[in-house]
Amino acid sequence: ACTGIENIDEAITLLEQNNWDLVAAINGVIPQENGILQSEYGGETIPGPAFNPASHPASAPTSSSSSAFRPVMPSRQIVERQPRMLDFRVEYRDRNVDVVLEDSCTVGEIKQILENELQIPVSKMLLKGWKTGDVEDSTVLKSLHLPKNNSLYVLTPDLPPPSSSSHSGALQESLNQNFMLIITHREVQREYNLNFSGSSTIQEVKRNVYDLTSIPVRHQLWEGWPTSATDDSMCLAESGLSYPCHRLTVGRRSSPAQTREQSEEQSTDVHMVSDSDGDDFEDATEFGVDDGEVFGMASSALRKSPMMPENAENEGDALLQFTAEFSSRYGDCHPVFFIGSLEAAFQEAFYVKARDRKLLAIYLHHDESVLTNVFCSQMLCAESIVSYLSQNFITWAWDLTKDSNRARFLTMCNRHFGSVVAQTIRTQKTDQFPLFLIIMGKRSSNEVLNVIQGNTTVDELMMRLMAAMEIFTAQQQEDIKDEDEREARENVKREQDEAYRLSLEADRAKREAHEREMAEQFRLEQIRKEQEEEREAIRLSLEQALPPEPKEENAEPVSKLRIRTPSGEFLERRFLASSKLQIVFDFVASKGFPWDEYKLLSTFPRRDVTQLDPNKSLLEVKLFPQETLFLEAKE
């Protein structure tokens, strides 16, 4: 409230530089009119900023004594990384706007640039096209892991088409103006002079007031807003505020008793700080309270909700709340916590192919530890740590602040890591938290490579993570080699099995083809036999039906026929000249030459006897007294 510093990392850095002396830190950053620090050592005058309590009526000391403090300058330089630039092509109706920003910027800064280019208020602008879905304006681009080139588009469902260019120019001018809001906190009778741009929304004002007064937005009771300010998403330029200054009053929407009690507590806190001079802060250790404990109690008092619900039935739901609360406390630049049970995290990290395996990092949070805030904001949210964890680790988290959650994790720990690890965590004192467990999956068990306590530095944390990665990489290379050999053996076995299967199929196909061929032969043989039997039966019946062969000396004329078969043999027989030609055909058929398969030919003249009328006599067809015929198969 005094310095206007909202970044917790910057605030902690200033406190560290001043040895956690709050008044000295404030004195070092607030510019004063005299610009002179009075040293306590020999009355030496040192140019620099000084803390003037008179300029802050709400925190003016009551004692006549005063002390000045000389801020401790930082002893190390912070090396900034080269920023990564991101290119955005933003489409709006028939316009395209190219935006280039560092990845440390937020989504809201893109909207502010688009506001200047497209003349669209931020509150009416929906920026779409993010691969991760809709994002908040406060989201840091780096946390979205975007490629260098990106395409987005703007939607304005609540914004009517511009009526005229003059209206757009007036709106743009209002958006570029700065409004001074003089806000009075009713319960403690304290004024805040806050500057906001015309593009800021009413919701942003209420959130900033929440940071100053600890009154949640839903409990804020306001007076002084214009009647046209009906929507919190409305920007200040459109709300009808008086320019350049506008007075507002805020209070807590609660019962009178609660209001009086909170007012007394806040007033007491203000006077406690303002009445304490430098000696009080320096001598605080005489009462058994060190700076870390004071800071821990202050940070604990500022927390609004627990990191994780107590007795949560579903671990995934508990971790969703943990992630959301962690982001609200320490910002969006933090490790990507795995959402799911510890068993699911094991599956994701260990039970995949060796090339895809990762180490499992388990972060154990404890709100009562004085190291928690520093560890989370300085170490765990450091960009180098976040990047290294996201590339090489699956990060899973749990909150041990509540006894029920602590007992639940110890049960899981005992089941997965054994009683020794569970006992180690059980004996850890509160001030030793938070803990960072590095787990490596092995063939039959899970090994805890390292247990990192909260009292560490970014460099030491990175070194221990890299040391764990070296051990894991060596083991991973062996696992990859074993897996490749196993896959090679399995491939050979699969190929052999496939070749054997194909061989069996080929043999079975040959056997089935042979069986079909044999069955066909057997069927044909059966048909042939049946036909032969049928032909033999016909032959026998014809043979039996033939009239007896007449003798040579017969009273009736006799015709002697000599028939040559296709094989060269001759069939000879005597027939009565009056016998019908059909009897000759039956005789030839009885010898195995049916007349429908063979034709009977005469030589001189050559003629087909089978074409003659079978009811005529031999005498009529001139086969008398003797004739030589031959058989020829029909085509």
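The values are calculated or read from the model by the stated rules, or taken from the named source; none is laboratory data. Please read these numbers as outputs of a predicted model, since none were measured by experiment. Ideal geometry is used to build each Cβ from the backbone, glycine not excepted, and the neighbour counts take in all protein chains shown. Only protein heavy atoms, including side chains, enter the accessible area calculation; ligands, DNA and RNA are left aside. Shrake-Rupley method; radii C 1.70, N 1.55, O 1.52, S 1.80 Å.
How many residues are in a helix (DSSP H, G or I), open to solvent by 10 Å² or more (accessible area, probe 1.4 Å) and in contact with a helix residue (DSSP H, G or I) (Cβ under 8 Å, 6 or more places away or on another chain) when one looks only at the range 345-378?
Adding up the residues that qualify gives 4.
Which condition number in (1) within 29 Å of Lys353 (Cα to Cα); (2) assigned to a helix (DSSP H, G or I); (3) open to solvent by less than 90 Å² (accessible area, probe 1.4 Å) is the one that Gln477 fails?
(3)
Does Lys560 meet the test of being outside any loop (DSSP other than H, G, I, E, B) and either open to solvent by 80 Å² or more (accessible area, probe 1.4 Å) or in contact with a His (Cβ under 7 Å, 6 or more places away or on another chain) (or both)?
yes
Out of (1) assigned to a helix (DSSP H, G or I); (2) open to solvent by 60 Å² or more (accessible area, probe 1.4 Å), what's the single condition that is false for Asn455?
(1)
Give the residue that is nearest to Pro548 (Cα to Cα), with candidates limited to residues of the range 591-617 that are of a type in the set (A, V, I, L, M, F, W, C) and open to solvent by 50 Å² or more (accessible area, probe 1.4 Å). Give the derivation first.
As a first pass, look at the range 591-617 and keep what is of a type in the set (A, V, I, L, M, F, W, C): 593, 595, 600-601, 604, 609, 612.
Next cut, open to solvent by 50 Å² or more (accessible area, probe 1.4 Å) only: 595, 604, 612.
Details: Trp595: 21, Phe604: 28, Leu612: 23 Å.
Across the range 591-617, the extreme among qualifying residues is Trp595.
Could you look through the range 312-356, keep only residues that are within 21 Å of Lys402 (Cβ to Cβ) and of a type in the set (A, V, I, L, M), and pick out the one that is nearest to the chain's Cα centre (by Cα)?
Among them, the one singled out is Ile339.
Does the range 567-590 contain any residue that is more than 26 Å from Asn554 (Cβ to Cβ), open to solvent by 10 Å² or more (accessible area, probe 1.4 Å) and hydrophobic (A, V, I, L, M, F, W, C)?
no
Write out, first by first residue and then by second, each pair whose Cβ atoms fall under 8 Å of each other, whose residues are 6+ apart or on separate chains, and whose first residue, in the range 422-447, is farther than 13 Å from Arg406 by Cα and of a type in the set (Lys, Arg) while the second is at pLDDT 85 or above and open to solvent by less than 90 Å² (accessible area, probe 1.4 Å).
Close Cβ pairs (under 8 Å, with a partner that is at pLDDT 85 or above and open to solvent by less than 90 Å² (accessible area, probe 1.4 Å)) amount to Lys442/Gln475.
Would you point out the residue of the range 189-202, among those that are part of a loop (DSSP other than H, G, I, E, B) and farther than 16 Å from Trp222 by Cβ, that is nearest to the chain's Cα centre (by Cα)?
Among those that are part of a loop (DSSP other than H, G, I, E, B) and farther than 16 Å from Trp222 by Cβ, it is Ser199.
Within the range 394-420, can you find the residues that are open to solvent by 30 Å² or more (accessible area, probe 1.4 Å) and part of a helix (DSSP H, G or I)?
Asp403, Ser404, Arg406, Ala407, Arg408, Thr411, Asn414, Arg415, His416, Ser419, Val420
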